[in-house]
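Asker: Before we start, here is the structure in question, set down as structure tokens.
Just so you know, all these numbers are worked out from the coordinates, no wet-lab data involved. Note that the coordinates shown come from a computational prediction; the quantities given were computed from them, not determined experimentally. Note that each Cβ is placed from the backbone with ideal geometry, even for glycine, and that neighbours are counted across all protein chains shown.
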Amino acid sequence: MSILVSQKILDRIQDELSRSTESFLLISAYCKLPLVQYFDQCITNKNIRKTLVVRFRPEDIAAGASDLDIYPYCKNNGWKMYFRLDLHAKTYVFDCLRCVIGSANATSSGLSIGGTGNYEMATACELADADRKALELLLQGAVEMNDNIYNKM
């Protein structure tokens, strides 16, 4: 296990996305649409399951920390989208086998896209059975986004 810093986090995520064959689970308190689109471009196997879990509090959207337009994009591009109002995690999971866990949200600042970004740290590791169960519990406690919720927002 090694520590990844700033640009190395994005490099590792890109590498993992190019190797993923079954699924990509993106868990990020804040998330911006250009990052979801960017990840779609990095995925080489276009048939993998793609899931996004974001915090999506109304104040996060109003402040511009997350983009409301993520939902229509996800809906039209094969992503399942969930939200948890208590979410603060930043975890990128590949094929339910490997992950990158750290401080970087799925935003340009978090992943240093477009030049400068935040100084972030993360680590990459293999998932154990207990880790997969923790991810299942996270998803069980999340609400699946739908048109009705989106229209209310």
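Asker: Which value, in debye to the nearest 20, describes the size of the charge dipole of the chain about its Cα centre when Lys and Arg Cβ atoms bear +1, Asp and Glu Cβ atoms bear -1, and nothing else is charged?
Answerer: The dipole of the chain has a size of about 120 debye.
Asker: Do the alpha carbons of any pairs in 32/133; 8/80; 8/90; 8/50 sit beyond 20 Å of each other, and which pairs?
Answerer: From the list (32/133; 8/80; 8/90; 8/50), the Cα-Cα distance tops 20 Å for 32/133; 8/80; 8/50.
Asker: Using +1 at the C-beta of Lys and Arg and -1 at the C-beta of Asp and Glu, which of 66, 35, 76 has the Cα lying farthest in the positive direction of the dipole of the range 16-79?
Answerer: With unit charges placed on the Cβ atoms, the residue in question is 76.
Asker: Classify the chain as rounded, prolate or oblate from the Cα gyration tensor: take a ≥ b ≥ c as the square roots of its eigenvalues, call it rounded if a/c is under 1.5, otherwise prolate when a/b beats b/c and oblate if not.
Answerer: rounded
Asker: Which whole-Hz couplings ³J(HN,Hα) result when phi for each residue of the range 106-119 is put into the Karplus expression 6.51 cos²θ - 1.76 cosθ + 1.60, θ = phi - 60°, listed in order with x for Gly and Pro?
Answerer: 7, 9, 4, 5, x, 10, 6, 9, x, x, 8, x, 6, 7
Asker: Still on this structure: R0 = 22 Å: FRET efficiency of residue 49 with residue 130, Cβ-based, nearest 0.05?
Answerer: The value I calculate is 0.55.
Asker: Please compute the net charge surrounding residue 83, taking Lys and Arg as +1 and Asp and Glu as -1 over other residues with Cβ under 9 Å from its Cβ.
Answerer: Here the count lands on +2.
Asker: With θ set to phi - 60° and the Karplus curve 6.51 cos²θ - 1.76 cosθ + 1.60, what are the ³J(HN,Hα) couplings of the range 66-76 in order, to the nearest whole Hz, using x for Gly and Pro?
Answerer: So the Karplus estimates, Gly and Pro as x, are 9, 9, 4, 5, 4, 4, x, 4, 4, 4, 8 Hz.
Asker: Please give me the summed charge of the neighbours of residue 17: other residues whose Cβ is under 14 Å from its Cβ, Lys and Arg +1, Asp and Glu -1.
Answerer: Overall, the nearby charge balance is 0.
Asker: Please compute the length gained on full extension between residue 41 and residue 148, using 0.36 nm multiplied by the number of residues separating them and subtracting their Cα-Cα distance.
Answerer: Length gained, residue 41 through residue 148: 35.7 nm.
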